1. Name every residue in region 65-119 that is aliphatic (A, V, I, L, M), assigned to a helix (DSSP H, G or I) and crowded, with 17+ Cβ neighbours inside 10 Å, in order of residue number.
2. Taking the stated definitions as given, is Ala229 free of Cβ contacts under 8 Å to residues at least 12 places away in the same chain and part of a helix (DSSP H, G or I)?
3. Right, Tyr199: in a strand (DSSP E or B) and in contact (Cβ under 8 Å) with a residue 24 or more places away in the chain or not?
4. Kindly provide the set of residues from region 202-226 that are among the basic types (Lys, Arg) and assigned to a loop (DSSP other than H, G, I, E, B), ordered by number.
5. Do we find that Asn117 is modelled with pLDDT under 95 and within 23 Å of Arg17 (Cα to Cα) in this structure?
6. Checking the condition among the polar types (S, T, N, Q), in contact with a Lys or Arg (Cβ under 9 Å, 6 or more places away or on another chain) and at pLDDT below 95, which residue from Thr138, Thr100, Thr177 passes?
7. Quick check: anything in region 162-170 assigned to a loop (DSSP other than H, G, I, E, B) and either without any contact (Cβ under 8 Å) to a residue 40 or more places away in the chain or crowded, with 19+ Cβ neighbours inside 10 Å (or both)?
8. Tell me, please, whether a residue that is part of a loop (DSSP other than H, G, I, E, B) and either among the small types (Gly, Ala, Ser) or in contact (Cβ under 8 Å) with a residue 12 or more places away in the chain (or both) can be found in region 27-38.
Amino acid sequence: MKTEQIPTDYERDGVVRLHQFFSPEEVKRVRQELEKYARDIAPRLAASEVTFEADGKSARNLWRMEQHSPFFAELARKPEILNVIRPLVHGEPVNLGVETFSKPARIGSDVPPHQDNAYFCQQPPDVLTVWVAMDAVTEGNGPVYYARGSHKIGMLPHKASGVKGNSIGLADKFEHTNPVIGLLEPGDALIHHCQTIHYSGSNRTDHPRCGLLMVYRGAHTEMDPALKAAYDQARAMV
């Protein structure tokens, strides 16, 4: 995709797909650093920094990696990344976190429909997530489904979901057609708006599905007290 086309497609659909956002060499290096992080760093962190699957040993989420690893902090500051997302957040990008969303083979859990800004609570909603595939994402191992254009309908009510790592989700069922389905090769990326409704199923295949996520807001955004109060209320019911 031509760089000048990215903002147009993003503003229209609330999500845009970029092929080979990371080169094969970059994917290899990130995988090595993720293995190092899981082996050497994560075991020393507070329980809040890692979410495990039901087996209690397979990591579903590694949170705030930029705070614990110079590699991931530097990755989030790469000019090639910031130059792509700067027009999408309508200002200077500020990194909110680097994390993983993994679906280990056979046990990867699902993610309920939600809007990320129910967690981020920012206004204006100039916040996005860069979702980079570390593994091939297929129809069977838990691709993310995005409700095309749903970022334009505003924030919907959320409630406690009971899902570790995704503690809140939409309060009511949301009907949509023609979703964007995140079928990706390693290194491909999806960039989605913080109000785009999205969800994913479980992984019951023999093939793991790991996504590296980098979240950014525009430097001009601020915490919205009403959204924060709604988040705190939903969290209190977890």
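The values are calculated or read from the model by the stated rules, or taken from the named source; none is laboratory data. Keep in mind the model is a prediction, meaning the values are calculated, not measured. Note that each Cβ is placed from the backbone with ideal geometry, even for glycine, and that neighbours are counted across all protein chains shown.
1. Matches in region 65-119: Met65, Leu75, Ile81, Val84, Ile85, Ala118.
2. So Ala229 fits the description; yes.
3. Yes.
4. Here is the first cut: in region 202-226, the ones among the basic types (Lys, Arg) are 204, 209, 217.
Scanning region 202-226 gives a single hit, Arg204.
5. Details: modelled with pLDDT under 95: no; within 23 Å of Arg17 (Cα to Cα): yes.
Criteria not met by Asn117.
6. On the way: Thr138 fails: at pLDDT below 95; Thr100 fails: at pLDDT below 95.
Matching residue, one of Thr138, Thr100, Thr177: Thr177.
7. Looking through region 162-170, none of the residues is assigned to a loop (DSSP other than H, G, I, E, B) and either without any contact (Cβ under 8 Å) to a residue 40 or more places away in the chain or crowded, with 19+ Cβ neighbours inside 10 Å (or both).
8. There is no residue in region 27-38 that is part of a loop (DSSP other than H, G, I, E, B) and either among the small types (Gly, Ala, Ser) or in contact (Cβ under 8 Å) with a residue 12 or more places away in the chain (or both).
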